[in-house]
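Structure record follows, encoded as C-alpha cells.
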Amino acid sequence: MDLGHVHGELWTVKSFYTYPNEYIYWTVHIAVYPYITGLVAGAFVLSSLYHVFGRDELKPVAKFSLVFSLALLFIAPTPLLFHLLHAERALNTMLTPHFYSAIAAFNLVYLFYMAIVVSEIWFAYREYIVLQSQSRTGIYGVIYTALTLGSTDISEKALATDHKLIKILAAAGIPAACLLHGYVGFIFGSVKTVPLWKTPLMPFIFLMSAIISGIAICIVTYIIGMKLTKRLIDNETVKSMCQALKWFLAVAFILEAMDIVFHAYVAEESWDILSDVLFERFAFKMLVVQWGLGMILPLILLIIPNIKTIRAFFAGGLILMGVFMMRWDVVIGGQSMSRSLAGFLDYHMPILPTSLEAFKEGLCAVIILLSAPFVLLYLFNFILPIFQSKTGEKGL
C-alpha cells in the first residue's frame, strides 16, 4: 500500500454526500473480536450451569467447555493486535493504566477472568494431573509433575475441598464472564456519534448473543469431537444444552427486536438514513441471515420436541452464523452512515493478501484467527482429557 494512502481507503467506497476524511476505520477484526470474546463468555456460562447450578446432565461437557473457554480466551485480544497500526503500543494500556478508560479497564477484567479460568481448570483436573505425574515418564512426566505445583494430595478430603473451590470459582466467574463481554457492548453503546450504537440495550444485546454463541459452538464442537474420537454422544447432554440455548436465544431475539423498535419509535434526525441502512442496504444480512437463518429458524428447530443430534448440530451452526452476522451488522453497519446523514460508506474486505495491510485486515487473517482456538483446543487435549463419553471414559 502506498504511504500516501489513508488508513481505511483501501477497503472503503463512498457514495452520495460524505466528508473527505470519512472512512470505515473499524474493519472485520472489530467484528471478530467481540465474536470470539462472546464465545469465551458463553462457553464458561455453559460450564457453570453444571458446577454452580447442578445440571448433572451437563457433566460430560463441563470440563470441555471450560478448557474451550481458555483456548478462546488466549485468542480473544489477537484481532485487536491485527487491526492496530502499531501493535507494539498495546502494552501501554497495561504499563500506564488509565482507569477512566473502558478499553484500559478491559485489561484488568481480562486478567482477572483468565486467573479464574486457569485456577478452575487446575482444580478440576488436579486429580488427573497427580495420577499422570506418578505414572508417566519422559517429557510428559516432567510436564505433569510441574503442573501439580507441588500439590499431590488426592485424598477424599482434598478432592472434596477441590470441588468446593471449583464451585466458588465458577460462581465468581459468571459475573466476570458477563463483564468481560458486556463491556464490549458498553463501548459501542457509549459512542454517541453513531446512531445505530447509541442505545442502553447494547451491553445486554451483546451479552445475550455471547451466551447463545458460546453454547452453540460447544454443541457443534462437542458433536464433532465425539465423532472424531469415536465416542458415544450423550443425547441427554445435547438436549440439556439445547434446552438452555433456546431460552437464551429467545431473550436475545427479543432484545434485538426491542432495539430496532426503540430506534424507530424515537425517530431521531438520523432515523431516515439509519432505516435506509437497516432495511435496504443491510436488509439481506440483518433480516434474512441474522434474524431469519440465525435466530428464528434455529429457535424453531430447538422448540420442536425430541431434538436429535443432527438437528442440534445444524441449529448451533446457524446460530454461530447469525451471531457473527450480528457483529458484522453492528460494526460495519454502524460505520456505513456518513456523519453528513446524506451519504454512505461501503466496506469491501480485502480477499487476496496483495499487501501487508490487505493481509492483516483481510480474509486470510480472519481465517487464521477463527481457526486458532481449535488448534489450541487440539493441543490442550494432549495434556488434559477434554472429551468424555457417557460412561465417564476420558479423552485422548
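Each label was represented as a point 7 Å from its Cα along the Cα-to-Cβ direction; for Ile303 and Phe53 these points are 2.0 nm apart.
Restriction of the trypsin sites (Lys or Arg not before Pro) in the range 275-360 to DSSP coil positions whose beta-carbon has at most 15 other beta-carbons within 10 angstrom yields Lys308, Arg339.
Across all directions, the average projected area of the convex hull around the alpha carbons of the range 208-347 is 9.1 nm².
Of interest is the spacing of the C-alpha centroids, which for the range 284-333 and the range 56-114 amounts to 26 Å. For the range 268-372, GluC sites (Glu not before Pro) meeting the loop criterion (DSSP other than H, G, I, E, B) and having at most 14 other Cβ atoms within 10 Å: Glu268, Glu269. Which residues does a label at Tyr265 reach in the range 195-233, if reach means a backbone N under 17 Å from a point 7 Å past the Cα toward the Cβ? Residues 198-202, 205 fall inside that zone. For the range 1-110, applying the loop criterion from DSSP together with a ceiling of 15 other beta carbons within 10 Å to the GluC sites (Glu not before Pro) yields Glu9. Comparing Cα centroids, the range 133-160 and the range 184-229 end up 37 angstrom apart. You can think of it this way: the chain between Arg311 and Ala283 has 7.4 nm of extra reach, that is 0.36 nm per residue less the Cα-Cα gap.
Put in line by how crowded their Cβ is, counting other Cβ atoms within 10 Å and starting with the fewest, Val366, Val28 read Val366, Val28. The calculated FRET efficiency for Val13 paired with Leu341, based on their beta-carbon distance and R0 = 25 Å, is about 0.85. Specify the angular offset, from 0 to 90 degrees and rounded to the nearest 10, of the alpha carbon long axis of helix 59-75 from the longest principal axis of the alpha carbons in the chain. Compared with the principal axis, the helix lies near 50 degrees.
Using the Karplus relation 6.51 cos²θ - 1.76 cosθ + 1.60 with θ = phi - 60°, the per-residue 3J(HN,Hα) values for the range 38-49 come to x, 4, 4, 5, x, 5, 5, 4, 4, 4, 6, 4 Hz, with x marking Gly and Pro.
The modelled label-to-label distance for the pair Gln243/His163, using points 7 Å beyond Cα in the direction of Cβ, is 2.1 nm. Paramagnetic label reach from Thr354 (point 7 Å along Cα→Cβ; backbone nitrogen cut-off under 13 Å): within the range 11-28, residues 11-12.
In this structure, Leu228 and Ala115 have a Cβ-Cβ separation that, at R0 = 22 Å, corresponds to a calculated FRET efficiency of about 0.10. Subtracting the Cα-Cα distance of Met258 and Asn92 from 0.36 nm times their residue separation leaves 55.9 nm of extension gain. A full extension of the chain between Leu108 and Leu370 corresponds to an added length of 91.9 nm, given 0.36 nm per residue minus the alpha carbon distance. Take the Cα of Thr193, step 7 Å toward its Cβ, do the same at Ala171, and the gap between the two points is 4.5 nm. Think of it as helices only: each DSSP H run of n ≥ 4 in the chain is worth -39500 (n - 2.57), and spread over all residues that comes to -21500 deg cm²/dmol at 222 nm.
For the chain, what relative contact order do you get, as a whole percent, if you take Cα pairs closer than 8 Å and at least 6 residues apart? About 28 percent, as a whole number. Per the Cα gyration tensor, the chain maps to an equivalent ellipsoid with semi-axes of 39, 25, 19 Å, ordered largest to smallest.
Each reported figure results from applying straightforward, stated rules to the coordinates on display, with no laboratory input. Since this is a predicted model, take the numbers as computed values, not measurements. Ideal geometry is used to build each Cβ from the backbone, glycine not excepted, and the neighbour counts take in all protein chains shown.
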